[in-house]
Amino acid sequence: MGKSMKSPVVNKAMELLRQLRQITEGQDDVTAKLNKIIMMIVQQTDADAGACYLVVDDCYLELFAAYGYPEDLSHKISFRIGQGIIGIVAQNQCSLALSDVSKHPAYSPMPEIKEDEYRTFIGVPLIRWNRTIGVIALQNKKKHTYSPADKEILETISMVLSEIVASDEMSAYKESLIRERGQTGRERYKGLSLSKGYGMGCAVVHRRRQAVTKLFADDKEKELRKLENAHKKMNADLDEKFNTTKIGIGEHVDILDAYRMFAQDKGWYKKIADNVQSGLTAEAAAERAYEDMWNRLSGTNDAYLKERLHDLRDITDRLLGYLSGDNKTSASVDSDDIIVVAMSMGPADLMDYDYKKIRGLIIEDGTPTMHVAIVAKALGIPVVAKIKGIFNDIKTGELLAIDGNEGYVYNKPSVQIQEKIKAKIAEKEKLQAKLAELRKLPSKTKDGTKINLFINVGLLFDLDYIETTNCEGIGLYRTEIPFMSSDQMPDVNKQMEYYKELMDRSGNKKVVFRSLDVGSDKLLPYWSNAGEDNPAIGWRSIRITLDRRAILRKQMRAFLRAAAGKELNVMFPMIANYAEFIEAKETLLLELEKEKRRGSPTPKKVNVGLMIEVPSVIFQLDAILKQADFISIGTNDLAQFIFASDRGNPRLTERYDVLSAPFLKVMQEIITKATKAGVYCSVCGEMAGNPIEALALIGLGYRNLSMSGSAFGKVKSMVRSLNIVDIEDYVKTLMKSNKKTLRPQLISYANDHGIEIY
């Protein structure tokens, strides 16, 4: 087979890579190598000047190497990520080419390098594992247009340069700079708690797969065969892992099935194969396929799509391991107690470990909705995330302690900290045993008032809580989960299978279905992203299904068929006014009449309700209560809309509190009107699952609460330890307060009266 002709772009890129390799294999120290590389890039691309800025402390970029500027300015210029054009490139993780740099809104000339003399600019981020670690920038004094080919060459170089920047030698150099500047390493880290609990054990650093070093293929057919074999082996191993591993949450958990479908996706595989056909090695082709997807989706505000990117990163890393023959994820540690430390992880990676030994999981880049966090939470593993720099700070074998309740991680904890964590672990084990004893006891207060406790269900393993908690039923079934875990819209029969399984597992217990609630942070993979500026208050939930009525009608049909001969409870989310509720209700009743005309079995009773989440609906509540069979309050959305506070914004997390008089007065008005109208009313938001917040709700008059299965025992324990009359009187007194939060007073009251609020 003859060699194919390479394009000028490929030839130029290969020449630059050849020189780059010569420099990196030399005997110079890492800073000298970096300066030579920048000089080589400037000379080979006909630029007048160039620079390399590196991230030092996760917030600032610092000039490490430059060529062509008036003097040596290494380590004399730094600025925040997001500041100036260099900072914009780092923040957005996208290349930027400007024919006139002075016209960019972020332009701020640096007098040290006489930047006002330069007209054109091109900047390319250095990215490793989805994190910006630096920026390469080139400039010309005369007008010059950078072509897509120029950009492609620099991006190819940046892939290799990123490995140099992330090398142990460069890390050691950065650490020496930090020491010289009087900064020291950390022993305690504060992060975001994704799963509560305590743990202590030896650190196991979750190693990412080897980075791609060879970009261009010598034999395309050989690379295609290697790709096909690696892809088959990876999927076979995943099938075996998911089908045979028992991890206490069911064999066919939706989230793991969705992951497996992603790994088997033909479109993804074809993109990699096409990249091989263009001349890349199988490893480079896989990395390029991921980068293309990252460039298209990384700018989205949609949390669901970002989680799909996390899955794609994990699957790409896994495939790279099979391509290289190196599938190990970490160094081995001889310990029965381990804490896994990762930059990022997928759910399959977690199952590479013996989960019975995992005492905690630390993820540097993590979100509450990331799949590995959801699976870890189901396993009872504490998870802490969002700690910048911890992946590089921690070494395998070091002793770690994790406080998943407060979000703290301790590196080489003192004896005092160790004793504290051990005591917390023992306390939790004792509490779990006590909560288990509550299963057969009624959820009644000390003075005999019944509080109906339900669970919220989304994933299949949540159904296990029906038996383990002895709950009253399911107060909220999130029907969007099956839609989100499927690669195409489920038809009526498929939906009916989901819903019927749920009702069969529930027996005679109450089940409340919420109609499809997508949009905002929950987009479906087979729907395009609308790209809204404010998705939380945009085209979402009932607004989508009323506009796309066929989807709503099919779901109503599936509900009716799944509940044949039983009682059906359906509620509609995000209702903003009376007209929307009536429109949705009539859609359900119309489908009911159609089923009757067909002679199909129908539910023995149909109850129609709505979720109270949008404040405007409260002003029409009197009229709505005449038409609704029940209402349920989604406190998460209701609170963010009342306070005009994005609940996903960490800067606002503690600014507003649902345990404040304004919000409690809203909750009081709703329960008062519902009680007067004789309409069943429940709470299914996070307030219901937090013991101290549930205490306040009971004091306001709520008697039906629905929560996550993991929170059930603690709320039931609280219920059985309180006196209704006393708490109702106390809450009435508190409502007169103008304090920012009433939480401290309620906690003090609970402690003084022996109310259990673990």
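What follows draws every value from the coordinates through simple rules; no lab data is involved. Note that the structure is a prediction, hence the values are computed from the model and not measured. Heads up, the Cβs are rebuilt from the backbone with ideal geometry, glycines too, and the neighbour counts pull from every protein chain shown.
Relative contact order (percent) for segment 8-180, with alpha-carbon contacts under 8 angstrom and 6 or more residues of separation? Provide the component values of the computation, followed by the final result.
Numbers: 292 pairs, mean separation 34.1, N = 173.
Normalised by residue count, the contact order of segment 8-180 is 20 percent.
How charged is the neighbourhood of Lys357? Take every other residue with its Cβ under 13 Å from the Cβ of Lys357, and add Lys/Arg as +1 and Asp/Glu as -1. Don't skip to the answer; put the middle values down first.
On the way: positive: Lys356, Arg359; negative: Asp334, Asp336, Asp337, Asp352, Asp354.
Once all neighbours under 13 Å are counted, the net charge is -3.
Would you order Thr733, Thr675, Thr132 from fewest to most other beta-carbon atoms within 10 Å of each residue's own beta-carbon? The partial results should precede the final answer.
On the way: Thr733 9, Thr675 14, Thr132 21.
Exposure proxy ranking, most exposed first: Thr733, Thr675, Thr132.
Can you list residues from other chains, or at least 5 along the same chain, whose modelled amide H is less than 5 Å from the amide H of Glu398?
It is Ala203, by chain and number.
Listed highest first by mean packing, meaning other Cβ atoms within 10 Å per residue, what order do 423-432, 15-24, 30-39, 357-366 come in?
Numbers: 423-432: 13.3, 15-24: 15.4, 30-39: 19.5, 357-366: 24.0.
Descending packing order for the listed peptides: 357-366, 30-39, 15-24, 423-432.
With the dipole of segment 8-180 worked out from charges on the C-beta (+1 for Lys and Arg, -1 for Asp and Glu) around the Cα centre, which of His75, Gln19, Gln44 lies farthest toward the positive end?
Gln44
Over 19 Å between Cα atoms, which of Lys76/Lys142; Lys33/Lys151; Lys232/Lys271; Lys220/Lys270; Lys214/Lys388; Lys233/Lys270 qualify? Could you put the intermediate results ahead of the total?
Values: Lys76/Lys142 26 Å; Lys33/Lys151 23 Å; Lys232/Lys271 16 Å; Lys220/Lys270 15 Å; Lys214/Lys388 30 Å; Lys233/Lys270 17 Å.
As for pairs spanning more than 19 Å Cα to Cα, those are Lys76/Lys142; Lys33/Lys151; Lys214/Lys388.
With only Lys, Arg, Asp and Glu charged, each at its Cβ (+1 for the first two, -1 for the last two), find how big the charge dipole of segment 638-758 is about the Cα centre; round to the nearest 20 debye.
On the way: 15 positive and 11 negative charges, 46 e Å.
Dipole size: approximately 220 debye.
Magnitude of the Cβ-charge dipole of segment 8-180, K/R +1 and D/E -1, about the Cα centre, nearest 20 debye? Please list the in-between numbers first.
Details: 18 positive and 24 negative charges, 99 e Å.
With Lys and Arg at +1 and Asp and Glu at -1, about 480 debye.
With respect to the cross-link table entries Lys196/Lys509; Lys196/Lys739; Lys444/Lys494; Lys673/Lys740; Lys420/Lys510, which display a Cα-Cα separation exceeding 31 Å? Each step should come with its number before you reach the end.
Numbers: Lys196/Lys509 29 Å; Lys196/Lys739 29 Å; Lys444/Lys494 39 Å; Lys673/Lys740 26 Å; Lys420/Lys510 42 Å.
Pairs exceeding 31 Å: Lys444/Lys494; Lys420/Lys510.
Can you tally the net charge around Ala376? Count Lys and Arg as +1, Asp and Glu as -1, for every other residue whose Cβ sits under 12 Å from the Cβ of Ala376.
On the way: positive: Lys196, Arg359, Lys377; negative: Asp349.
So the surrounding residues net to +2.
Hey, what does the equivalent ellipsoid look like for segment 602-758, semi-axes from the Cα gyration tensor as sqrt of 5 times each eigenvalue, largest first, whole Å?
Details: eigenvalues 124, 74, 51 Å².
With the √(5λ) rule applied to segment 602-758, the semi-axes are 25, 19, 16 Å.
Met496: net charge of surrounding residues, Cβ under 11 Å, Lys/Arg +1, Asp/Glu -1, itself excluded?
Details: positive: Lys494, Lys500, Lys554, Arg557, Arg561; negative: Asp491, Glu497, Glu501.
Net of charged neighbours comes to +2.
Relative to the compact-globule scaling 2.2 N^0.38 Å, provide the ratio for the alpha-carbon radius of gyration of segment 8-180.
So the Cα radius of gyration is 0.96 times the expected 2.2 N^0.38 Å.
Starting at the first residue of segment 69-75, write each ³J(HN,Hα) from the Karplus equation 6.51 cos²θ - 1.76 cosθ + 1.60 with θ = phi - 60°, in whole Hz, x for Gly and Pro.
Values, residue by residue: 8, x, 8, 6, 10, 4, 6 Hz.
Summarise the long-distance tail of P(r) for segment 416-464 by giving the % of C-alpha pairs beyond 12 Å.
76 percent
What do you get when you divide the Cα radius of gyration of segment 541-603 by 2.2 N^0.38 Å, with N the number of residues? It would help to have the intermediate numbers written out before the result.
Numbers: Rg = 11.8 Å, N = 63, 2.2 N^0.38 = 10.6 Å.
Here the Cα radius of gyration is 1.11 times the empirical estimate.
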